[in-house]
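Take a look at the structure below.
The values are calculated or read from the model by the stated rules, or taken from the named source; none is laboratory data. Just so we're clear, the structure is a prediction, and the values are computed from it rather than from any experiment. Methodologically, a virtual Cβ is constructed for each residue, glycine included, from the backbone with ideal geometry; neighbour enumeration extends over all protein chains shown.
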Amino acid sequence: MKIKNKFRFFFVLILMIGCLIDIAKAQDTVIREIDYGILDSLNSNLLKEKRMVEIFLPQDYKSGSDRKYDVLYVLDGGNWNTGLIKDAQHFLEGTSFMPSTIIVSVLGIDRNKDLSPTRVDGWATSGGADKFLGFLKNELIPYINRKYPSNGDNTLWGHSLGGLFVTYALLNEPQTFKSYIAVDPSLWWDKCYIQKIASSKLPGLAGLALTLFISGREGEEGKVMKIDTMNTILKKYAPAGLTWKSIAYPNETHNSIRLKSTYDGLKFCYAGFNNKAQFRPMNGIILKDKPFKIWFFNDTTTVHYTLDGTIPTILSDKMQHELTLNTAAKVTTENFTARARYNHTVTGDFAAGKILPPVSKQKNVKPGGFNYAYYEGKWANWPDFKNLKNPVKAGITNGDFKLDKIQKKDNIAVIIDGQLESKEEGYYIFILENGEEANLYLCNRLLMRITDSNSKLCTYMVPLTKGFYPFRIESFHKEEGYKLKLSYLTPGITHKKNGIPIPLDLQYGH
């Protein structure tokens, strides 16, 4: 009897553990995935020793892919710094403040030697920064570039003596890295050696498009790092090619400052990354003496524009949240980031034209929805819609019609057509979004096309008058998760800037 009871208790315990594991997975609170990275090494001819590094590949890295990544080099590597930085980077990546990044944790042997630029009494091995910088530039970075998917844009992070080395590297080999993050740097070193050479070195950084972020602490403890004297020199001598920022945090210690500094420093190095240059509508037809406004919903501070199709520069006009066009224009916007490779450019054509003429209402159509026909196939590419026959299903796009609830989940084609009734005269804006590939026609005129490579959202402005217009959507979906949303803005609600579904009583089908 006791044996049976023990067996029952053991069985119940297993069930309880299993349930707890399932709950933990569902809540995603206690199941942890530890990233140990790749422990690697290389023999340094410059340093005459073997050096260890730990490589953390991006979370979205796929073996065999030709995608390349920025690289973040962390001095004083290991869990003390790299674990914190890796978590901060993942958080910033997940919130769209920076891209996927390779992290290289540079493990130290003698930091007093590697990170200090001069020999100082009481620091027996000091003064090896020149050789260590040569190792990074001429041996480690080329090694990483050969073996891992690096794109050549590098950031250097260092704390304390590591921060001292970061500023030394910036002044002596500025093109080795695109961004420099010096966390509470020991700029007191050798009676402010860095400050003494900075005034003559800084002008050489002109035109290099580099970023420097320096963090320190408020109060007396912060003053001993002599960051304030470096700030004075930067204000006087920093050239246009160096974008820099220095910040002093209150209520932090020499160690705790690493968290805020890493977060703020990486955001600063990728300033503007989370912004886009997209405006709405994206293309259209403009009438003579009938101006209209295009809208920009993102941050305007980093975006510039032109109206003649030329690529904007930082000197071009700054974008506005509402931009009035009085005549035909080729609008080009560019979002300027701290890393030029991540600048985002968008161009839209607004051609001079006339109101699209309506047609007669077909006798056999009635309001309540457009016609739709749904096809299944094994198409490798965009199907020949004109020759599609024998739809699997056909009907009317009434209130019960949902494209994302169709039977098959991949390799499908859908045609929606009929007549659209316009009740007002003026500019209409049509919006297509979330489709994999789709065409929208009005009066047999192709207004817009969604493809695999664009933003999954297209807008087009067209002038209409009262009457009926032939309407057609062709949509092809190769993968699962089919969704296609159509909305529009009529002249009377354009000021609201939010599209609405075309009312069923304005959709005419057979």
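Under 9 Å between Cβ atoms, at least 6 apart or on separate chains: pull out the pairs that start in region 56-70 with a residue that is over 19 Å from residue 86 (Cβ atoms) and end on any residue that is among the small types (Gly, Ala, Ser). What qualifies is 67/100; 68/150; 68/152.
Which helices (runs of 4 or more DSSP H) does region 104-177 wholly contain that include 2 or more residues that are under 29 Å from residue 61 (Cα atoms)? It would help to see each step written out before you state the result.
Values: elements: 111-114, 129-135, 141-147, 161-172.
Answer list for region 104-177: 129-135, 141-147, 161-172.
Scanning region 304-326 for residues that are among the charged types (D, E, K, R) and within 22 Å of residue 289 (Cα to Cα), which turns out farthest from the chain's Cα centre (by Cα)? Full working, then the answer.
We begin by selecting, within region 304-326, every residue among the charged types (D, E, K, R); these are 308, 317-318, 322.
Within this subset, residues satisfying the condition of being within 22 Å of residue 289 (Cα to Cα) are 308, 322.
Values: 308: 27, 322: 24 Å.
So, considering only residues that are among the charged types (D, E, K, R) and within 22 Å of residue 289 (Cα to Cα), the one farthest from the chain's Cα centre (by Cα) is 308.
In region 425-444, what count of residues is obtained for those that are under 21 Å from residue 494 (Cβ atoms) and either in contact with a Lys or Arg (Cβ under 7 Å, 6 or more places away or on another chain) or hydrophobic (A, V, I, L, M, F, W, C) (or both)? Here the count works out to 9.
Among the listed residues 285, 194, 214, 181, which satisfies the condition of being crowded, with 18+ Cβ neighbours inside 10 Å and part of a helix (DSSP H, G or I)?
Working: 285 fails: part of a helix (DSSP H, G or I); 214 fails: part of a helix (DSSP H, G or I); 181 fails: part of a helix (DSSP H, G or I).
The conditions single out 194.
Condition check ((1) over 28 Å from the mean Cα position of the chain (by Cα); (2) within 23 Å of residue 81 (Cα to Cα)) across all residues:
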site	(1), (2)
182	no, yes
203	yes, no
208	no, no
222	yes, yes
232	yes, no
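Here residue 252 fulfils each of the conditions (1) surrounded by fewer than 17 Cβ atoms within 10 Å (Cβ to Cβ); (2) out of contact with any Gly (no Cβ under 8 Å at 6 or more places or on another chain) apart from (1).
Condition check ((1) more than 34 Å from the chain's Cα centre (by Cα); (2) surrounded by fewer than 16 Cβ atoms within 10 Å (Cβ to Cβ); (3) of a type in the set (Gly, Ala, Ser)) across all residues:
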position	(1), (2), (3)
447	no, no, no
451	no, yes, no
458	no, no, no
463	yes, no, no
468	yes, no, no
487	no, yes, yes
493	no, yes, no
497	no, yes, no
510	yes, yes, no
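Just checking, which of 245, 235 is surrounded by fewer than 19 Cβ atoms within 10 Å (Cβ to Cβ), free of Cβ contacts under 8 Å to residues at least 12 places away in the same chain, not hydrophobic (A, V, I, L, M, F, W, C) and not in a loop (DSSP other than H, G, I, E, B)? It would help to see each step written out before you state the result.
On the way: 245 fails: free of Cβ contacts under 8 Å to residues at least 12 places away in the same chain.
Unique residue meeting the criteria: 235.
Looking at region 198-210, is at least one residue buried (at least 19 other Cβ atoms within 10 Å of the Cβ) and basic (Lys, Arg)? Within region 198-210, not a single residue is buried (at least 19 other Cβ atoms within 10 Å of the Cβ) and basic (Lys, Arg). Within region 253-282, the set of residues being among the small types (Gly, Ala, Ser) and more than 13 Å from the chain's Cα centre (by Cα) comprises 256, 261, 265.
Given the residues 301, 310, 332, which is the only one that is touching a strand residue (DSSP E or B) at 6+ places or on another chain (Cβ under 8 Å), part of a loop (DSSP other than H, G, I, E, B) and at pLDDT 95 or above? Please lay out each step first, then the result.
Details: 301 fails: at pLDDT 95 or above; 332 fails: part of a loop (DSSP other than H, G, I, E, B).
The match here is 310.
Within region 248-270, the set of residues being of a type in the set (S, T, N, Q) and in a loop (DSSP other than H, G, I, E, B) comprises 251, 253, 255, 256.
Pairs are defined by a Cβ separation below 8 Å, a sequence spacing of at least 6 or placement on different chains, a first member in region 422-433 that is in the same structural domain as residue 447 (by TED's automatic domain parsing) and touching a residue at least 60 places away in the same chain (Cβ under 8 Å), and a second member that is buried (at least 23 other Cβ atoms within 10 Å of the Cβ) and not in a strand (DSSP E or B); the pairs so defined are 429/281.
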